[in-house]
Amino acid sequence: MRVFRDRAEAGALLAERVAHLDLADPVVLALPRGGVPVGRAAAERLGVALDVLVVRKIATERNPETAVGAVTAEGAPVIDPHLCRMAGADTVELARTAAAEQDEARRRVRAYRGGRPAPEVAGRDAVVVDDGLATGMSARAALLSLREDEPASLTLAVPVCAPDAARALGDVCDRVVCVHSPPDFRAVSLWYASFPQVDDDEVREVLERARG
């Protein structure tokens, strides 16, 4: 079953849910790349600028499509021990991969933000937006990173989410806002009629427009 026509429609529906939270001083941070078109709608609805929080998944050479952790541009990587055991991950390999992915995250921050500073988060209502929540590894890394900045509140907002993943994130954020939480989730892309790849140029274009 398709629920959303595309990320723009998903973002518009999600934005209404976020607006109903009546956040006092919101700041919207989207996870590139797919979360940026969704985050644009939320930022516009709240009347604030849009920025990014870059997260990179950590996988093993044996299972490159399966993330066992994630890392942001700053801070320690978040690793799932259970997934590491299942993947037969080597600790030396994980450390090397995590370092390489963090370097890539820093490169992307520079590419997307240029010389602009990161938005102020301390004491504000931080809203992290993505186009969907599957395993929750990227979201967990993003939320843990933001918690260190001491926001007044921390919300994860996604159009569609796996119910178990949403519940599991209750220890790292104040709330998960989700338009649709199907019990037969399977994959984010299944719930969009159109789900093309988002490239770096589109991310930069959206951010430039969002900043006015």
Per-region count, the stretch 3-51, residues within 13 Å of residue 131 (Cα to Cα), surrounded by fewer than 19 Cβ atoms within 10 Å (Cβ to Cβ) and in contact with a strand residue (DSSP E or B) (Cβ under 8 Å, 6 or more places away or on another chain): 4
All positions within the stretch 52-75 that are of a type in the set (A, V, I, L, M), open to solvent by 10 Å² or more (accessible area, probe 1.4 Å) and more than 25 Å from residue 28 (Cβ to Cβ): 59
Cross-chain or 6+ apart pairs with Cβ under 7 Å, the stretch 110-137 first and of a type in the set (Asp, Glu), then open to solvent by less than 50 Å² (accessible area, probe 1.4 Å) and assigned to a loop (DSSP other than H, G, I, E, B): 125/23; 125/151; 130/31; 130/34; 131/34
Residue 133, sole failed condition from (1) at positive phi; (2) buried (at least 18 other Cβ atoms within 10 Å of the Cβ): (1)
Failed criterion for residue 89 (all others in (1) modelled with pLDDT under 90; (2) surrounded by fewer than 20 Cβ atoms within 10 Å (Cβ to Cβ); (3) aliphatic (A, V, I, L, M) hold): (2)
Filtered residues of the stretch 171-202 (kept if over 12 Å from residue 133 (Cα atoms), modelled with pLDDT of 95 or more and open to solvent by less than 40 Å² (accessible area, probe 1.4 Å)): 172, 173, 192, 198
Cross-chain or 6+ apart pairs with Cβ under 7 Å, the stretch 152-170 first and touching a residue at least 60 places away in the same chain (Cβ under 8 Å) and under 11 Å from residue 133 (Cα atoms), then assigned to a helix (DSSP H, G or I) and of a type in the set (Phe, Trp, Tyr): 160/191
Count of residues meeting criterion [among the β-branched types (Val, Ile, Thr), under 12 Å from residue 35 (Cβ atoms) and assigned to a loop (DSSP other than H, G, I, E, B)] in the stretch 129-166: 0
Flag for residue 126 being more than 25 Å from residue 199 (Cβ to Cβ), of a type in the set (A, V, I, L, M, F, W, C), outside any loop (DSSP other than H, G, I, E, B) and open to solvent by less than 60 Å² (accessible area, probe 1.4 Å): yes
Subset of the stretch 186-209 [within 21 Å of residue 54 (Cβ to Cβ), among the hydrophobic types (A, V, I, L, M, F, W, C) and not in a helix (DSSP H, G or I)]: 195, 198
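The values are calculated or read from the model by the stated rules, or taken from the named source; none is laboratory data. It should be emphasised that the depicted structure is a prediction, and the values quoted were computed from it without experimental measurement. Reconstructed Cβ throughout: ideal geometry from the backbone, glycine too, with neighbour counts over all protein chains shown. Note: accessible area is taken over every heavy atom of the protein model, side chains too, but ligands, DNA and RNA are not part of it. Shrake-Rupley method; radii C 1.70, N 1.55, O 1.52, S 1.80 Å.
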